[in-house]
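The values are calculated or read from the model by the stated rules, or taken from the named source; none is laboratory data. Keep in mind it's a predicted model, so treat the numbers as computed, not measured. Virtual Cβ from ideal backbone geometry, glycine too; neighbours counted across all protein chains shown. We work out accessible area using only protein heavy atoms, side chains counted, and drop any ligands, DNA or RNA first. Shrake-Rupley method; radii C 1.70, N 1.55, O 1.52, S 1.80 Å.
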Amino acid sequence: MDSFDSVTLPPHEIVVVPSHGSLDRKELYDQCIQVRIEVFVHEQGYDLDTEVDTLDPLATHLLLRIVPSGTPIGTIRVTKPKGASYYKVSRLVVLKEYRKFRLGKELVQAAHGVIIKDHHKSGSQGPIEAVLHAQIYAIGFYRKCGYEPEGDEFEEDGAPHQRMRARLSDV
Ligand SMILES: CC(C)(COP(=O)(O)OP(=O)(O)OC[C@H]1O[C@@H](n2cnc3c(N)ncnc32)[C@H](O)[C@@H]1OP(=O)(O)O)[C@@H](O)C(=O)NCCC(=O)NCCS
């Protein structure tokens, strides 16, 4: 673990993990999964068996890491549900000791960058929208990233969640 004083944000970068089939994907992908396990499984108690799912092989993963050490400290992923006009943002984590430095928001904004690029590449004409399922305690965080709740709370992976949506041209 890198040491840093708790008031200074360490130098960091967000990298897009190369896509499925690329030779240099594995190490970065594994680091994304490890930080997710650290937070979702060890800190929050979610099930290890459902942490890695069928979306992971095809998702675009982003890794937040300290530079120059390369220590992984956060991640987020982007998927496009089959046939949907929107993108899905999920599995956002920042390691506990690195929270409240606006790194979570940086990861969401980086994911939005990936979505906007993909939208333009696909030639789609409609609005660019992202959807996510927020843990209830994180609704306020996602509001600050431009998301608004839609529909009622529901259960996912044994915990209450709220579906939220952002129109990326508005954020
Ligand atoms: C959710 C999470 C990624 C936020 O990361 P973070 O780096 O601490 O958040 P940021 O510093 O980028 O916060 C951005 C803004 O949201 C606010 N914020 C952060 N967490 C919040 C929360 N739980 N509720 C309301 N506001 C919150 C911050 O105060 C900041 O506001 P400001 O810009 O007005 O100062 C982090 O708490 C985390 O990893 N949690 C565990 C994993 C998790 O629950 N992921 C979400 C699954 S849905």
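Here are a few things to note about the model shown:
- Each peptide among 156-167, 17-28, 63-74, 112-123 gets the average number of other Cβ atoms lying within 10 Å of its residues, and from highest to lowest they stand as 63-74, 156-167, 112-123, 17-28.
- Fraction of antiparallel bridges per DSSP, the chain only, in percent to nearest 5: 95
- Area projected by the alpha carbon convex hull of the chain, averaged over all directions, nm²: 10.6
- Dividing the mean sequence gap of close Cα pairs (under 8 Å, 6+ apart) by how many residues the chain holds gives a relative contact order of 17 percent.
- Unit charges at the beta carbon, dipole of the chain: most positive-side option, 33, 136, 14: 14
- Gain in span if fully extended, residue 118 to residue 54, counting 0.36 nm per residue against the direct Cα distance: 21.0 nm
- Once you divide the Cα radius of gyration of segment 102-165 by 2.2 N^0.38 Å, the number left is 1.23.
- Distant-in-sequence amide H partners of residue 129 (H built 1.01 Å from N, under 5 Å): 87, 168
- Calculated from backbone phi, Karplus (6.51, -1.76, 1.60) coupling profile of segment 19-36 in Hz, x at Gly/Pro: 6, 3, x, 6, 5, 8, 6, 4, 4, 5, 4, 4, 5, 4, 5, 4, 5, 5
- A cut-off of 5 Å between modelled amide H atoms, ignoring neighbours fewer than 5 places along the same chain, links residue 71 with 66.
- Sum of side-chain charges, residue 151 neighbourhood, beta-carbon under 10 Å (Lys, Arg +1; Asp, Glu -1): -1
- Phi-derived couplings, Karplus 6.51 cos²θ - 1.76 cosθ + 1.60 at θ = phi - 60°, listed residue by residue for segment 103-112: 6, x, 5, 4, 5, 4, 5, 5, 4, 4 Hz, with x used for Gly and Pro.
- Between residue 22 and residue 139, the modelled labels are 3.7 nm apart [label points 7 Å from Cα along Cα→Cβ].
- Rolling a 1.4 Å probe over the protein heavy atoms gives the chain an accessible area of 56 Å² per residue.
- When each of 82/105; 88/121; 26/82; 88/144 is checked by Cα-Cα distance, pairs over 23 Å: 82/105; 26/82
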